[in-house]
Amino acid sequence: MTKSVFFGALATAGLLAGAASAQTLAEVQERDTLRCGVTTGLVGFAAPNEEGEWEGFDVAICRAVAAAVLGDGSKVEFIPTTGSTRFTALASGEIDLLARNTTWTFSRDVDLEFEFAGVNYYDGQGFLVRKDLGVTSANELDGATVCIQTGTTTELNLADFFRANDMSYEPVPIETNAEAQQQYLANACDVYTTDASGLAATRASFENPGDHMLLPEIISKEPLGPLVRHGDNAWGDIARWTLNALIAAEELGVTSENLEEMAAGTDNPEINRLLGSEGNLGEMLGLSSDWAVNAISAGGNYGEIFEDNIGADTAIGLDRGLNAQWTNGGLLYSPPFR
Amino acid sequence: MTAMTDTQSDQGFHPSQLIYDTRYRSITIQIIALICVLAGFGWLINNAVTNLAAAGQDFNFDFLGNVAGYDINQKIIDYDSQMTHGRATLVGLLNTLLVAVLGCITCTVIGVTMGVLRLSNNWIVQKLATVYVEGFRNVPVLLWIVLTMGVMIKLPPDPRAFRSGDASMILWDSVAITNRGVYVPRIIYEAGSSIVVGVLILSIIGIFAFRRLARKRQEATGAILPVFWVSLGLLFIPVIIAQFVMGSPVSLQNPYFRGFNFTDGVHLRNSLIALWLALSLYTGAFVAENVRAGILAVSKGQTEAAAALGIRPRRIMNLVVLPQAMRVIVPPMISNYLNLTKNSSLALAIGYMDLTGTLGNITRNQTGREMECVLLLMGIYLILSLGISSLGNLYNNSVKLKER
Ligand SMILES: N[C@@H](CCC(=O)N[C@@H](CS)C(=O)NCC(=O)O)C(=O)O
C-alpha cells in the first residue's frame, strides 16, 4: 500500500516536471509533428472530412505552422479540445499551438499566461433563433432559455448583456458545439449564442438553415486567433510571423498558383524577403529560408484559406467584412517583412 | 506481539538488533517507509511549486474573492454574476448536496424494494428485479446519465407546444412536463400561514408522541392501537381546520406559460431530474444487492420459527428478518452513499451546475487557477465523504449487534 502510493507520487512528479520548458521548436522538430489543439468539430473552422482528414479555417493555421517548421503541412497531430479543456491542454504542454476560435482577451494573455500570435478572424458574439420564434432583436429575449458553451467568453458576455439590459434569462451550460446544436434543435433552448462565425457555421450544418436566423445585435468584440504558451518567445515569433506571412502574401498578391514563380525572385524586394530569395528572415526564426513558401503552399494565402473554408461560395457563406485587407477597408494589416 | 526468537535483551542494546531482532525490525521498516513517503511528498510539492514558479504562476486562493461574471441557472441561495467565485462555489456545493441527498433517499427506496423483490417467490417479479439489477449495475453510470438526459430533451414537448395547444398540463393544470424540465406548483404563504405551519409541526410532534405511547401500551398490555389511521388523522385534520379557520393563507400557485417559458412554479430542470434519476437507479441496483445479501445472511431458521408462531409473511420480513439484516446491510450502504455523492460530479456531462460544474469547470477555466481549484475541489469532496461516513457509522453503531 505505502509502496504504491510512493511510486504513484513519483510518477506524478515526473509528469509535472515535463511541463515547463521553453524549447518548443526543438521539441516539435525532434518529434517531427506539430501537436495542434482544435475544436471538437465545427465545420468550416475545424472538423474531420469524410476521409477523416481535418480541414477548416483554424486547421489551415495549424498546417501552415507545421509546413513552416517541418516543411510539410500534413505533419500535424490534431487534438480536439472543448472550451474548458483547451487552456489546460496548452498550459500543460499537451499541445504546441492552439487554434480554436479563441478570443484574445486581457486575462488570457496576462493572467492565464498565453501569447496570442495575432488575429485570424475578427468576430463578435451573436444570437441564433428560429424564425418562427417571432423575435427580431436581442432586446426582446427577456425570460428566454439560452444555450451557451461553458468556459468561453460567451458566457461572461451574455451575463453582462442581460444585466445591462435588465433582462432575465435561463442559461443552459453545454460542453461542446455538437451538444448545443442538439439541444437547440430540440427546442430545449430558444436561443443559441456564441461567436457569429460559429453560429453561421453551425446553421449551415442544419437540415433547414433557412428556418433560422441571426439576430442583428452583435454584443461583443471577439478577436479570434492562434495562441501559444507564454515564455517561449522564439516559438511565439514563429506562430506570429507564419500568420503574418499568410496575410502579407494576400496583400502582396502571392497565391498558391504563382507561388513557385514568385519564389524564384521578383522585382518586389518585400516579396523576395518574404519568400526567402533575398535576406535571411527564415534563418532569424531558426527555420529554413523557404519557410514562408512552405507555409503558403500548405493552403494558400489568407484570402484563399478564407474563401476555401468559410467564404461566400461555401455553405457557411461569410463575407470578408472586418477580415478584409486594410487596403480594402478591413482590419487585416501585417507588419512589414523587413 | 509477544513471540520472540532472540533472548538477548539482558545483554544490552546493539544497533544491528534494529534489523535482526524481530522485536524491532517491523518498527524500523515502518519508520524507513514513513521517511521515504514524507520525502516523496515533500519532493512532489516542492517540484510542483518550483514548476509553477518557473511557469510564472504563484499559488494562492485570492481568486475566490473576485467577481465570477457568470450566471448559474439553479441556485438554492441568492446568486448573480456580480458575486464572487467563492459564492459561485457555494452555490455549486449546495447543488451537489441537493442531488446527493435526493439521490440517497431514492436509491435506498428503490434498492430496498428491488432487493426484497429479487427474493420474491413470484417468478416474473423476481426476474424483473434481476433484469433491473444486472442492467443498471453493468453499464457505466455516465451512459445512464447521458441517456436519461437525452430522453428528457427529446421526448417531452417543448414549452411552445403548450401555447399552441399541442400539449397540455397534467393534474388539473398544475404540472407541466416539458423538455426543459418539469414545472410544479409553488407554495405561497400569506398572512396567517405561520399558524398553519405551526399546527403542522405540532401535529408531527403529536404523531411521534402517539406512536411512543402505542408502543408502550403494546409492550405493557399487548393491545395494538390503530397507529396508522390515527397518525393519518393527526397529520391532516388539524392542518385542514387551521387552514379553513385562517381563511386559506397557504395556497398553491400553478405554473403558467408566459413569453418563452413557464413561470411562477418551481422549475425542476431536466439536468437535475436526469442526474437524480440516473444516479438513483444506478446506485439502487447496488443497494438491492446489499439488501438481498443482508436478507440471505439471516438464517432461514428465523423465518421458519416466526412462521411457526403464526406471524404473517410481511410482518416476518419487517419485524424479524430486516432488523437482523440491517447489521449486514448498513456498512456497505455507507459506501453506496459515498459513491453516489462522488458520482454526482458526472453532472458536468449534462450541464448540471454542481460543485464540479462551477468551481471545477467554469471558475477553473476562467481564472486559470487549475492547481488551486482542483485541490480545493478534492478537499471539499473529501470532507463531504468523511461527513457521510461518520454519519453512517453513527447509525451503524445504533443498529449493530449489541453484546450484553
Ligand atoms: N471565442 C469564444 C468562444 C469559442 C467557442 O467555444 N466557440 C465555439 C463555437 S464558435 C466552438 O468553437 N465550438 C466547437 C466545439 O465545441 O468544439 C472563446 O474564445 O471563449
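The values are calculated or read from the model by the stated rules, or taken from the named source; none is laboratory data. The shown structure was predicted, so the numbers you read here are calculated from the model rather than taken from an experiment. Quick reminder, even Gly has a Cβ in these numbers, built from the backbone with ideal geometry, and neighbours come from all protein chains shown. These accessible areas exclude ligands, DNA and RNA; they are computed on the full protein's heavy atoms, side chains included. Shrake-Rupley method; radii C 1.70, N 1.55, O 1.52, S 1.80 Å.
Structure above, values below:
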read-out: Spacing of the two label points (7 Å from each Cα toward its C-beta) at A:Gln182 and B:Asn66, in nm; value: 3.3
read-out: A:Glu270/A:Leu331 FRET efficiency (R0 25 Å; Cβ-Cβ; nearest 0.05); value: 0.75
read-out: Scattering curve values for chain B, log₁₀ I(q)/I(0), Debye with Cα scatterers, q = 0.09, 0.10 Å⁻¹; value: -0.87, -1.02
read-out: Solvent exposure of segment A:125-220 as accessible area per residue, Å², 1.4 Å probe; value: 34
read-out: Estimated [θ] at 222 nm from DSSP helical runs (n ≥ 4, -39500 (n - 2.57)) normalised by residues in the protein assembly as shown, nearest 500; value: -16500 deg cm²/dmol
read-out: A:Tyr121 long-range amide H proximity, modeled H, under 5 Å; value: A:Leu224
read-out: Nearest-0.05 FRET efficiency for B:Ser164 and A:Asp111, computed from C-beta distance (R0 35 Å); value: 0.15
read-out: Two-site FRET efficiency, B:Leu375 against A:Glu278, from Cβ-Cβ distance with R₀ of 60 Å, rounded to 0.05; value: 0.65
read-out: Loop-located chymotrypsin sites (Phe, Trp or Tyr not before Pro) in segment B:126-202, at most 10 other Cβ atoms within 10 Å (DSSP); value: B:Trp172
read-out: All Cα pairs of segment A:125-220, percent lying beyond 18 Å; value: 36
read-out: Positive-end residue of B:Gln366, B:Trp229, A:Gly236, charge dipole of the protein assembly as shown with Cβ unit charges; value: B:Trp229
read-out: Rg/Rg_globular for chain A, with Rg_globular taken as 2.2 N^0.38 Å and Rg from C-alpha atoms; value: 1.06
read-out: Cysteines without a disulfide-compatible partner [the protein assembly as shown; Cβ-Cβ under 4.7 Å]; value: B:Cys36, B:Cys104, B:Cys107, B:Cys373
read-out: Spatial separation of Cα centroids for segment A:136-201 and segment B:338-354, in angstrom; value: 23
read-out: Nitroxide proxy distance, nm - points 7 Å out along Cα→Cβ at B:Ala307 and B:Lys342; value: 4.1
read-out: DSSP beta bridge pairing in segment A:125-220, given as percent antiparallel to the nearest 5; value: 50
read-out: Total lysine pairs whose alpha carbons fall under 28 Å of each other in the protein assembly as shown (8 or more apart, or interchain); value: 12
read-out: Relative pair counts by distance (%), Cα atoms of segment B:258-404, 5 Å bins; value: 2, 8, 12, 13, 14, 12, 10, 9, 7, 5, 4, 2, 1, 0
read-out: Area buried, chain B against chain A - accessible surface, total, 1.4 angstrom probe, square angstrom; value: 3600
read-out: Calculated from backbone phi, Karplus (6.51, -1.76, 1.60) coupling profile of segment A:152-167 in Hz, x at Gly/Pro; value: 10, 5, 3, 5, 6, 4, 4, 4, 5, 4, 5, 5, 4, 9, 6, 10
read-out: Cα-only Debye scattering, segment B:324-404: base-10 log of I(q)/I(0) at q = 0.11, 0.14, 0.22 Å⁻¹; value: -0.42, -0.58, -0.97
read-out: Bins of 10 Å, starting at 0 and running to the largest distance - Cα pair percent for segment B:28-142; value: 11, 18, 16, 22, 21, 11, 2
read-out: Qualifying GluC sites (Glu not before Pro) for segment A:212-315 [loop in DSSP, other Cβ within 10 Å: at most 13]; value: A:Glu257
read-out: Antiparallel bridges, percent of DSSP beta bridges restricted to chain A (to nearest 5); value: 55
read-out: Principal axis box of the protein assembly as shown, alpha-carbon based, largest edge first, Å; value: 116, 95, 50
